[in-house]
Amino acid sequence: MTVTLPSTFDEPVLLGVIGGTGLYHLESLTPVARLTISTPWGHPSSPITISRTKTGFPIAFLARHGVHHQFNPTEVPSRANIAALKYIGVRAIIAFSAVGSLREHIRPRDFVLPTQIIDRTKGIRPSTFFENGMVGHVAFGDPFDEKLAAVISKAAPVLESNGVKLHTKTTEGKDLTLVCMEGPAFSTRAESHMYRSFGASVINMSCIPEAKLAKEAEISYQMICMSTDYDAWREGEEAVTVETVVGHLKANSQNAHNFTEAILDYLEEEIKAGTVGRSLEGSMKYSVSTASSQISRAMLEKMHYLLPGYWSLE
Ligand SMILES: CSC[C@H]1O[C@H](OP(=O)(O)O)[C@H](O)[C@@H]1O
Ligand SMILES: Nc1ncnc2[nH]cnc12
């Protein structure tokens with residue numbers, strides 16, 4: 001039986017979860033509302049489902065590729081996704097992603113918290129809110145939120161108790177770099193070797209522009225990667241296929257759900273207390289180079305949706 005949920009929700013929702021390939025719902029939580037939101041950048045890739053944790057804390061969930069996986073990585077409406085989450089109050093996002101491993105010791109089904117990104121997308125995805133005569137530059141040296149990553153890491157024992165390793169900067173002793181490629185075709189073997197020579201650890205097609213847009217929206221963001229394959233660099237082995245990715249994800253989705261539940265136990269208090277999710281507050285206010293008198297009203301109105309009050313509408 002399909003239950004019709006309310007289409008409005010009156011409280012601010014401080015935490016957002018973005019589900020990637022194989023993660024289209026937050027199964028362990030009971031939904032209380034389903035919001036269809038229209039933003040100045042269009043509709044998000046799915047309705048936003050609001051659920052409450054056992055203590056009543058509301059969480060927003062959005063399926064990156066749509067609930068039927070109808071948007072390929074290039075087509076994901078990332079600006080609408082991030083703008084919609086911001087609009088309902090989200091201050092921190094945990095974003096799941098299926099990734100290929102570029103390192104022997106990161107095995108399929110391991111989890112990884114990346115700390116750095118190499119952008120190998122092709123400039124064909126809208127990747128900034130600042131355009132059309134309003135020039136803004138976001139700081140992106142540290143693309144992920146360190147505090148958020150630290151809280152997520154606290155939930156590692158839940159994975160470990162199921163034999164799943166969580167790779168973090170602390171466990172590796174160095175940055176974990178994620179390559180974000182355009183797709184939708186997977187890499188050639190030569191590209192896969194090249195990314196290894198860059199020192200990168202994992203590869204996906206989804207982190208850019210999502211991570212950049214979250215920064216522009218002043219939302220703390222951390223991607224949680226689930227390794228599903230060894231991409232195309234292992235000699236004598238078949239290169240990655242969708243079957244391989246989906247096979248591991250099916251087996252692993254319970255780990256993703258258990259991990260999310262455990263993360264929420266730690267994250268809820270930190271977000272409520274403001275110790276996570278506020279580190280970027282105010283950071284975009286002085287990031288615009290264009291004289292405000294020269295910015296069109298249409299652009300100011302759009303940006304008012306994202307960062308209300310930053311630029312005068314007078
Ligand atoms: C279906 S394999 C390639 C696809 O899987 C990953 O998606 P997501 O990051 O949303 O979990 C990868 O980025 C590609 O989009
Ligand atoms: N090998 C791979 N390359 C790009 N994205 C992926 N998602 C999962 N595996 C991947």
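A protection proxy built from the mean count of other Cβ atoms within 10 Å ranks the segments 271-279, 46-54, most packed first, as 46-54, 271-279. For the chain, a crude dipole built from +1 on the beta carbon of Lys and Arg and -1 on the beta carbon of Asp and Glu, taken about the Cα centre, is about 240 debye to the nearest 20.
Rounded to the nearest 20, the Cβ-based charge dipole of the range 158-221 about its Cα centre (Lys and Arg +1, Asp and Glu -1) stands at 240 debye. The value obtained for the range 251-314, namely the Cα convex hull volume divided by the number of residues, is 137 Å³ per residue.
In this structure, Arg234 and His25 have a Cβ-Cβ separation that, at R0 = 41 Å, corresponds to a calculated FRET efficiency of about 0.80.
Annotation: extensible slack from Lys174 through Thr241 equals 21.2 nm (criterion: 0.36 nm per residue apart, minus Cα-Cα distance). Of the cross-linked pairs Lys165/Lys272; Lys147/Lys215; Lys147/Lys174; Lys86/Lys212; Lys86/Lys285; Lys174/Lys285, those separated by over 25 Å at the C-alpha level are Lys165/Lys272; Lys174/Lys285. Calculated on C-alpha atoms, the gyration radius of the range 190-314 divided by its Kirkwood radius gives an Rg/Rh of 1.11. Rounded to the nearest 500, the 222 nm mean residue ellipticity of the chain from helices alone is -8000 deg cm²/dmol, with -39,500 (n - 2.57) taken per DSSP H run of at least 4 residues. Computed from the Cα positions only, the extents of the range 1-52 along the three principal axes stand at 32, 28, 25 Å, in decreasing order.
Annotation: per residue accessible area for the range 135-252 equals 41 Å², rounded to a whole number [probe 1.4 Å, protein chains only].
Taking the alpha-carbon centroid of each part, what is the distance from the range 270-311 to the range 36-70 in angstrom? A separation of 22 Å, based on Cα centres. The Rg/Rh ratio of the chain, with both radii computed over alpha carbons and Rh defined as the Kirkwood radius, is 0.96.
Each Lys or Arg adds one and each Asp or Glu takes one away; over the other residues whose Cβ falls under 15 Å from the Cβ of Glu104, this sums to 0. At an R0 of 35 angstrom, the distance between the Cβ atoms of Asn162 and Thr36 translates into a FRET efficiency of 0.45.
If only the Cβ of Lys and Arg carry +1 and only the Cβ of Asp and Glu carry -1, the dipole of the range 14-158 around its Cα centre is close to 260 debye.
Across the options Thr260, His68, Val245, the greatest Cα extent toward the positive end of the charge dipole of the chain (unit charges at beta carbon of Lys, Arg, Asp, Glu) belongs to His68. Here the accessible area of the range 1-86 is 55 percent carbon and sulfur, with a 1.4 angstrom probe and all protein chains present. Across q = 0.34 Å⁻¹, the range 214-255 modelled as identical point scatterers on its alpha-carbon atoms has Debye log10 I(q)/I(0) values of -1.15, in the order of the q list. Summing charges over all other residues whose Cβ lies under 10 Å from the Cβ of Thr39, with Lys and Arg as +1 and Asp and Glu as -1, gives +3.
Tell me, what is the per residue accessible area of the range 1-118 in Å², probe radius 1.4 Å?
Values: 4830 Å² over 118 residues.
With all protein chains present, the range 1-118 gives 41 Å² per residue.
If you run the Gaussian network model on the chain, springs between alpha carbon atoms under 10 Å, then out of Glu182, Glu261, Glu160 the most flexible one is Glu160. Compute the acute angle (0 to 90°) between the alpha-carbon long axis of helix 242-273 and the principal axis of greatest extent of the alpha-carbon atoms of the chain; round to the nearest 10°. Once rounded, the angle reads 50 degrees.
The values are calculated or read from the model by the stated rules, or taken from the named source; none is laboratory data. Predicted model, so just to flag it, every value in this text is computed and none were measured. Neighbour counts run over all protein chains shown; Cβ positions are idealised from the backbone, glycine included. When the accessible area is computed, the model is the full protein with side chains, heavy atoms only, and any ligands, DNA or RNA have been set aside. Shrake-Rupley method; radii C 1.70, N 1.55, O 1.52, S 1.80 Å.
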